[in-house]
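Trainee: Would you mind keeping the following structure in view while I ask a few things?
Only the coordinates and a few stated rules stand behind these numbers; no lab work does. Note that the coordinates shown come from a computational prediction; the quantities given were computed from them, not determined experimentally. Cβ sites come from the backbone with ideal geometry, for glycine too, and all protein chains shown count toward neighbours.
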Amino acid sequence: MTARNTGSLWRRMILIAAVWIGLLLAGGGYALDRVLVSAVTRNFDDQLEYVLNTLIFTSEIDPAGEVVFNREPADQRFLEPNSGLYWQVSAPKHEPFISRSLWDRQLAYGGSHADRGVHAYDSKQFREERLRVVERDAKIPGSPVRWRFQVAQSRDGLDAQIDALRRTLVRSFALLGLGLVSLAALQTFYGLWPLRRVREEIARMRAGLASRISGRMPREVAPLVEELNALVEHNEVQAEEARRHAGNLAHALKTPLTVITNAAAAGAPDLPETVIREARTMRRQVDHHLARARAVGRRITGQSRTPIWPSVESVERAVRRLYPNVRIDTDGPRDLVAHIERQDLDEIVGNLVENAAKYGGGSVFVTMSAQMGFVEVMVEDDGAGIPAADRVRIFDRGVRLDSGKPGTGLGLAIVRDVVEIYGGTVTLEESEDLGGLLVRLRLPAASGPPSA
């Protein structure tokens, strides 16, 4: 199945970096534009205010009660009509005193408010030009009224400075943004380069040119490479185990099939009995290998977690129905959880408890405990036990020490194989309390919630 493509990780990282850089530069550019425009405008107003104060300081009242200057302003633009620099002195019930540059025009004078301090503002009172006006009310000695002094200048020069400043800002920030995005792209490309190496190594493995991902990797990528190598090794182990099981099954079936073939070819009189006997042998072998295959398959699906106590309780109820005269006692913590599938745990514990009930003297004791990273289950009975010399041989397929009771001799062999698949152990000992056999089962302990 082809993996679903969700887009390029490289492009996604560049897009995020570009958007973030753009937002930061836009915000920073706007703030810097406000600061610089305010500074340029303030400097422009300061120059007009200087002229305004000069007019106030050089003004006096003539005998007719009108304002006159004892010294004319030095800037020649005040003498040129429509030069863009103007002054005016106004008061209620007095004719405005204007600069020659105003010619036949006058600055708007709002007498309804008082400008005790310097007041700067933009004005559109002249249709052909926008003005920057600075004004202030002042009282001149010898005059009972307050006079409004105004100095105005065309905004063309100020706007030209602001436009030049903004063009410089836009170009500088655009160049800075391009550089930052390019740096982010280079950083992303270089940072993701190890993933390209991992892809190339996996392609070499698939082509049969390598068995593992080799070479040094950054510390962020190294755990991924380690997990991939561990997965490859795990799959190799599973494949080898599957081949071995297939070979074992083929070898186990070969002998019964040969016996049946020879008996049929020779026309043996006991052919039906031979076929039935060998078919039972083949069935035992098939059951054994199917049990192993199921356990391996369930182990591959994930790290299962199964509580021990419910499994022991269910097995106890089932065995009681089969052997109503046998007493089964259980003891141990109820919170023990093992790394094993519930179906396999039920099969293992069921085999052990059923054997104890079948071959014991009527009493079975099941004890559960936690032992250094393992969950230990001990099944004891009061039967005759198994001699020490036979405790290893009993795990071989088809071996039965008591042929007087029904069975196939595959129970303990299946138990051992399934337990080993999960990384556990099973051993036979002598029970000190009951005097019979003690089976000690150890399974890897699991933490966290059990599997459903």
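Trainee: When every alpha-carbon pair in the stretch 155-207 is counted, what percent end up more than 17 Å apart?
Mentor: Here the tail beyond 17 Å accounts for 63 percent of pairs.
Trainee: Then there's this: With a length cut of 24 Å (Cα positions projected on each helix's long axis) and a Kyte-Doolittle mean of at least 0.5, go through the chain and give me the DSSP H helices that pass.
Mentor: 9-57, 156-191
Trainee: While we're on this one: List the equivalent ellipsoid semi-axes of the stretch 303-444 in whole Å, largest first, each obtained as the square root of 5λ for an eigenvalue λ of the Cα gyration tensor.
Mentor: Working from the Cα gyration tensor, I get semi-axes of 22, 17, 14 Å.
Trainee: Hey, how many Å between the Cα centroid of the stretch 15-56 and the Cα centroid of the stretch 88-139?
Mentor: 26
Trainee: Going by the alpha-carbon gyration tensor, a ≥ b ≥ c the square roots of its eigenvalues, is the stretch 4-113 rounded (a/c under 1.5) or, if a/c is not under 1.5, prolate (a/b greater than b/c) versus oblate?
Mentor: Verdict is prolate for the stretch 4-113.
Trainee: Between the stretch 151-230 and the stretch 314-387, what's the alpha-carbon centroid distance in Å?
Mentor: Spelled out, the Cα-based centre of one part sits 62 Å from the other.
Trainee: I need 104, 381, 346 ordered by Cβ neighbour count within 10 Å, fewest first.
Mentor: So the ranking, lowest neighbour count to highest, is 104, 346, 381.
Trainee: Subtracting the Cα-Cα distance from 0.36 nm times the residue separation, let me have the gained length for residue 109 to residue 230 in nm, one decimal.
Mentor: Gain on extension, residue 109 to residue 230, equals 34.7 nm.
Trainee: Hey, what number do you get for the chain at 222 nm if only DSSP H runs of n ≥ 4 count, each worth -39500 (n - 2.57), divided across all residues, to the nearest 500?
Mentor: -17500 deg cm²/dmol
Trainee: Would you mind checking which residues have amide H under 5 Å from residue 438's amide H? H placed 1.01 Å from N; only 5 or more apart, or other chain.
Mentor: The list, which skips near neighbours in sequence, is 429, 430, 431.
Trainee: For a quick check: sort 213, 308, 414 by the number of other beta carbons within 10 angstrom, fewest at the front.
Mentor: The most exposed by this proxy come first: 213, 414, 308.
Trainee: Please compute the contact order of the chain in relative form: average sequence separation of alpha-carbon pairs under 8 Å and at least six residues apart, divided by the residue count, as a percent.
Mentor: 10
Trainee: What longest region of the chain stays clear of chymotrypsin sites (Phe, Trp or Tyr not before Pro) that DSSP places outside H, G, I, E and B and that have at most 15 other Cβ atoms within 10 Å?
Mentor: 110-452
Trainee: Further question: If a/c stays under 1.5 just call it rounded; otherwise compare a/b with b/c (prolate if a/b is bigger, oblate if not). Do that for the chain, with a ≥ b ≥ c from the square roots of the Cα gyration tensor eigenvalues.
Mentor: Cα axes put the chain in the prolate bin.
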